[in-house]
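Read the structure below first, then the notes.
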Amino acid sequence: MDALLLDSLFSNSAEGIVVFNEKMDLIYFNNPILKIIPDFPEQPLKEDFSSIIGFATETDKEINIDLYELDYLISVEKRIINNGGKVFNVFRLKKVEKDTRQKQLAFFLGNIDEVIYTISISEKGNKKLSYISQRVQKLIGLSEEDFAQNSKLPHQYYYDADAERVERFIEETNASKESDKCQFRIVNVKTKRKIWVELSLY
């Protein structure tokens, strides 16, 4: 399955198509990708895609990516194709319209200079990351899909020496049900750089 064959299969698709081989080397993408992902290089590399689509995405499961400055979501679905004994990882991307509430949130978050994430808590006390902005992703070095695939919340990428103090702050602030702030160091997983941040709980 070479580039010419892939182009004949996907060049007329309205969806964005990205294909990697079994070793996750980039071997093909079609033109709609450049319209779906804003400010994307005309000749993107594997690293450019990794910041958006997260290679660990589950097969045959759609994940909606919310790049908060856009008025649409990016839906990503991963499929594995076996052709002549060769394995290919095919990612399909398409635009999904946001509802009114999501559009209002996108407008609000696109006009403030802060990193934002929200957590939903179930009746059983289970915590789930429900929204994360691009600035948080750049701070920690992980894509939205990377966060979705693990159980860590963004603030839990703290420097080890600050961990106990941060967790105590969160526990006490939640118990008091009052807004408060805490300064600590975050470790970027790619660069290993420690960055001072201020966490605000509301």
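The values are calculated or read from the model by the stated rules, or taken from the named source; none is laboratory data. Nothing here was measured: the structure is a model prediction, and the numbers come from that model. Cβ sites come from the backbone with ideal geometry, for glycine too, and all protein chains shown count toward neighbours. Note: areas computed on protein heavy atoms with side chains; ligands, DNA, RNA excluded. Shrake-Rupley method; radii C 1.70, N 1.55, O 1.52, S 1.80 Å.
Would you check which residues across segment 171-187 are closer than 20 Å to residue 135 by Cβ and open to solvent by less than 20 Å² (accessible area, probe 1.4 Å) and list them?
Of everything in segment 171-187, those that are closer than 20 Å to residue 135 by Cβ and open to solvent by less than 20 Å² (accessible area, probe 1.4 Å) turn out to be 182, 184, 186.
List pairs: first residue in segment 75-99 and more than 14 Å from residue 27 (Cα to Cα) and part of a loop (DSSP other than H, G, I, E, B), second residue open to solvent by 60 Å² or more (accessible area, probe 1.4 Å) and not polar (S, T, N, Q) anywhere in the structure, Cβ distance under 7 angstrom, at least six positions apart or on different chains.
98/71
Taking the condition of a type outside the set (Lys, Arg), in contact with a Ser or Thr (Cβ under 6 Å, 6 or more places away or on another chain) and either surrounded by 16 or more Cβ atoms within 10 Å (Cβ to Cβ) or more than 26 Å from residue 117 (Cα to Cα) (or both), does residue 16 pass?
Values: of a type outside the set (Lys, Arg): yes; in contact with a Ser or Thr (Cβ under 6 Å, 6 or more places away or on another chain): no; either surrounded by 16 or more Cβ atoms within 10 Å (Cβ to Cβ) or more than 26 Å from residue 117 (Cα to Cα) (or both): yes.
In short, no.
Just checking, how many residues over segment 19-55 are buried (at least 19 other Cβ atoms within 10 Å of the Cβ), in contact with a Phe, Trp or Tyr (Cβ under 6 Å, 6 or more places away or on another chain) and not in a strand (DSSP E or B)?
The total comes to 2.
For residues in segment 188-202 being more than 18 Å from residue 146 (Cβ to Cβ) and without any contact (Cβ under 8 Å) to a residue 24 or more places away in the chain, which is surrounded by the fewest Cβ atoms within 10 Å (Cβ to Cβ)?
So, considering only residues that are more than 18 Å from residue 146 (Cβ to Cβ) and without any contact (Cβ under 8 Å) to a residue 24 or more places away in the chain, the one surrounded by the fewest Cβ atoms within 10 Å (Cβ to Cβ) is 202.
I'm checking my understanding of the structure. Among residues of segment 66-94 that are out of contact with any strand residue (DSSP E or B) (no Cβ under 6 Å at 6 or more places or on another chain) and closer than 30 Å to residue 136 by Cα, which one is modelled with the lowest pLDDT?
Looking at the filtered set, the residue picked out is 68.
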